[in-house]
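Note sheet for the following structure.
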Amino acid sequence: MRRIPIEYAREGDILGRTLYNNFGGMLLRGGTKLTNRIIIKLKKYGYYSIYIKDKYTEREVEEIIKPEIMTRIHTLQEELQGIIAASNYGKKIDAKDVNKNIRDINEIVNEIVYETIFNKDTLYNLHNISIYDDYTLTHSINMMLLSIVLANDSGFNMDEIKKLAIGCIFHDIGKTFIPIEIINKPGSFTDEEYELVKSHSEKGYEFLTNYTDLHAVSRNISLSHHEREDGLGYPRGLRGDEIHKFSKVAAICDVFDALTSDRPYRRALPLHDAMEYILASGGNQFSIDLIRTFSNSINIYSKDTLVLLSDGREGIVYEVNHGFNTRPKIKIYGEEGREVTPYVVDLMSLNNIVIEKTLHIFSFDMYSKIND
Ligand SMILES: [Fe+2]
């Protein structure tokens, strides 16, 4: 299974993952054979990319979070948003309702923390799980997963990881207090709008402090996830060690997931480009120690990615070599632009060959694509 831009979807490809709408309702079941009509519809719905299985990538990719659990968290998050939205229209917020909701979410999050940490294999297949069209909710879950992995590899203890994870889920809760048209506005903000968007940090923190029993270090993530190492972040302009380590982890994972997700006005970056961006921003925006760990922890060439090697061979990432994320085993399908009988090579033992770039389609398949 692999993710492709919707333009590369072809009649006959099999949809790899079920697509859901905002309300957890099924839009299109995984396993559906795509027709041109369906592909046009998906484009209309605003999907930039989808997961497919084709003859090169028939394997299942295990999901870290089972769809039922995703739906459950999703429903709870929406309930909470509903409570806040009602307060925007004057209804009083009842701390009892909020705390019950948060306790339920916390229970699920704790389970996810265990799953993620103890299932190393799944962890190396960390995929972007944007199957819901509601960006804010999906993003908070993705960002939490990345944070769990980074925190675990940075030596945080279990209690810390749990507190970090629940804080990540609510890091952008303050956005619920800001008009949705502004949050989703494509293009740039006016100065006034930008100030309003930035206020989500303080608004979220205030809400969590007034209405929940969450631990201070968890709440602090909502306040400080936009601070930067160089002091140019907001809301307080903290620098270096003044920023809590949970917020430093959250900041990296927040940006990485945002860059690798499709947005209404911008297409997702490939994982390795997003990683380049993160590495290049080290020191100014992010903690150098953490991004070093991050680049080792997060696998930028996940299973079934199509790649071009520096010697001109084309293939798919067949198996990840744990700890050596840029040197996986590759199943070769093409040599010098011609299809060959598939065979596997291990980049760990081919020192002079590197992955040059990722592909959406093999060069020897181009012709059939154009004629479709
Ligand atoms: Fe934020």
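The values are calculated or read from the model by the stated rules, or taken from the named source; none is laboratory data. No experiment lies behind these values; they were computed from the predicted model shown. Positions of Cβ are backbone-derived with ideal geometry, glycine not excepted, and every protein chain shown enters the neighbour counts. We work out accessible area using only protein heavy atoms, side chains counted, and drop any ligands, DNA or RNA first. Shrake-Rupley method; radii C 1.70, N 1.55, O 1.52, S 1.80 Å.
Residues whose amide H comes within less than 5 Å of that of residue 340, counting only those at least five positions distant or on another chain, are 334, 335 (H built at 1.01 Å from N in the peptide plane).
Remark on residue 27: its backbone amide H falls under 5 Å from those of 19, 20, 21, a criterion applied only to residues 5 or more positions apart or on other chains, H modelled at 1.01 Å from N.
Between the Cα long axis of helix 288-297 and the first principal axis of the chain there is an angle of about 50°, rounded to the nearest 10. Note on residue 110 and residue 194: their simple-model spin labels are 4.3 nm apart, each label 7 Å out from Cα toward Cβ. Here's the list of aspartates and glutamates a cross-link from residue 175 could span, going by alpha-carbon distance under 14 Å and ignoring same-chain residues fewer than 8 apart: 78, 134, 193, 195, 202, 206.
Accessible area ranking (1.4 Å probe, heavy atoms, ligands and nucleic acids excluded), largest first, for 244, 139: 244, 139.
The residues of region 2-53 expose, per residue, 53 Å² of accessible area to a 1.4 Å probe. Amide H contacts under 5 Å for residue 262: 268, restricted to partners 5 or more places along the chain or on a different chain, H placed in the peptide plane at 1.01 Å from N.
Express the carbon and sulfur contribution to the solvent-accessible surface of the chain as a percent, rounded to the nearest whole number, probe 1.4 angstrom. Result for the chain: 51 percent of the exposed heavy-atom area is carbon or sulfur.
One quarter of the convex hull surface built on the alpha carbon atoms of the chain amounts to 19.0 nm², the projected area averaged over directions. Ignoring solvent entirely, what values of log10 I(q)/I(0) come out of the Debye formula for region 306-370 at 0.13, 0.18 Å⁻¹ when each Cα is a single scatterer? Treating every Cα as an identical point scatterer, log10 I(q)/I(0) equals -0.32, -0.59. Taking Cα atoms only, the orientation of helix 271-280 departs from the longest principal axis of the chain by about 60 degrees. Protein-only accessible surface at a 1.4 angstrom probe places the residues 47, 8 in the order 8, 47, largest first.
What percentage of all Cα-Cα pairs in region 194-313 are separated by more than 25 Å? Summing the P(r) tail past 25 Å for region 194-313 gives 34 percent.
When the solvent-accessible surface of protein heavy atoms is calculated with a 1.4 angstrom probe, in what order do 232, 238 fall, highest first? Can you show the working numbers first?
Working: 232 130, 238 30 Å².
Most to least solvent-accessible, the answer reads 232, 238.
Measuring between alpha carbons in the structure, the pairs from 43/203; 66/92; 91/203; 331/357 lying more than 25 angstrom apart are 43/203; 66/92. Radius of gyration over Kirkwood radius for region 263-343, both on Cα atoms: the Rg/Rh ratio is 1.07.
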